[in-house]
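The values are calculated or read from the model by the stated rules, or taken from the named source; none is laboratory data. Since we're looking at a predicted model, the values are computed, not measured. Heads up, the Cβs are rebuilt from the backbone with ideal geometry, glycines too, and the neighbour counts pull from every protein chain shown.
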Amino acid sequence: MGDEGMMTLRPDIKDFLLRVEHDARRKLNCPAEVGELLQIVVQTGLSEDFDELIFQAKFLVRSRDVMNRIGPGAEGLEKLATEFQTSLQRSVDILKKLIHRAPEDVAQKFKGTFLTGNTGSLDNLMDLFSDLQSVKNLQNDGIALPYDDSGAPKQAMPEKGRNEGRQELLSRIQKTAGLAVILFLFLVFLDPPVTTLGWILSLAIMGLLMYIVLQIFLLIQTPQ
């Protein structure tokens with residue numbers, strides 16, 4: 001595709017595109033546009049939307065290949081065509097959501113190239129989806145996408161959430177401590193551990209006490 005309105009891509013995204021081409025053993029049809037989508041995701045944190053987009057893209061490319069292979073009138077074609085249209089609409093919706101967060105010139109380029117609704121636009125869209133399928137294949141092979149480590153900054157946990165977490169931890173400690181005391185008193189009434197049951201109870205109490213100590217340590221380490 002053309003370079004008009006192309007964003008300045010991060011070096012790691014450029015390297016990732018080369019990795020996609022290397023693993024796919026072909027040149028991408030729309031390398032600039034794939035890179036721009038990745039850049040949008042890195043900047044906005046819309047990784048779940050992009051993950052779904054590349055999943056849908058893989059389905060669409062494979063479905064189109066199957067429909068072309070089996071030909072008109074084949075059994076199951078109508079159902080597959082319906083699923084194809086549903087997936088296509090979902091993919092277009094996600095694409096619109098992503099480019100809505102792009103610079104205006106880039107958004108206009110995507111709309112004019114992929115979203116006009118004519119036959120040429122659909123062909124361009126399927127070329128883009130073919131590239132996104134290659135991205136999905138790489139992800140399936142366990143290769144991290146650029147936004148996996150460098151997406152939008154994670155928001156700090158709200159103060160209310162932190163306090164609720166500490167209260168829950170304290171509640172667990174109190175319940176565990178109470179259970180340990182009950183077991184200890186039960187053991188005392190059974191006399192010192194000279195039986196198998198006594199030793200089992202002793203070990204259980206020891207384990208619970210160690211758990212309590214660990215929970216207290218974790219509570220201390222939890223930021224206020």
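Values for this structure:
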{"read-out": "Residue among ALA107, ALA102, ALA74, ALA57 that alone is surrounded by 16 or more Cβ atoms within 10 Å (Cβ to Cβ), assigned by TED's automatic domain parsing to the domain that holds ASP123, small (Gly, Ala, Ser) and part of a loop (DSSP other than H, G, I, E, B)", "value": "ALA102"}
{"read-out": "Pairs, first within 18 Å of THR116 (Cα to Cα) in the range 74-89, second assigned to a helix (DSSP H, G or I), C-beta under 7 Å, six or more apart", "value": "SER87/GLN56; SER87/PHE59; SER87/LEU60; LEU88/LEU60"}
{"read-out": "Identity of the residue in the range 12-29, surrounded by 21 or more Cβ atoms within 10 Å (Cβ to Cβ) and within 14 Å of PHE129 (Cα to Cα), that ends up nearest to the chain's Cα centre (by Cα)", "value": "VAL20"}
{"read-out": "ILE70 touching a helix residue (DSSP H, G or I) at 6+ places or on another chain (Cβ under 8 Å), among the β-branched types (Val, Ile, Thr) and modelled with pLDDT of 95 or more", "value": "no"}
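Results for (1) under 15 Å from GLN56 (Cβ atoms); (2) not small (Gly, Ala, Ser), shown as yes or no for each residue.
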residue: HIS100; (1), (2): no, yes
residue: PHE110; (1), (2): no, yes
residue: PHE114; (1), (2): yes, yes
residue: GLY120; (1), (2): no, no
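Residue-wise test of (1) modelled with pLDDT under 95; (2) within 19 Å of the chain's Cα centre (by Cα).
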residue	(1), (2)
GLY35	no, yes
GLU52	no, yes
LEU60	no, no
VAL66	yes, no
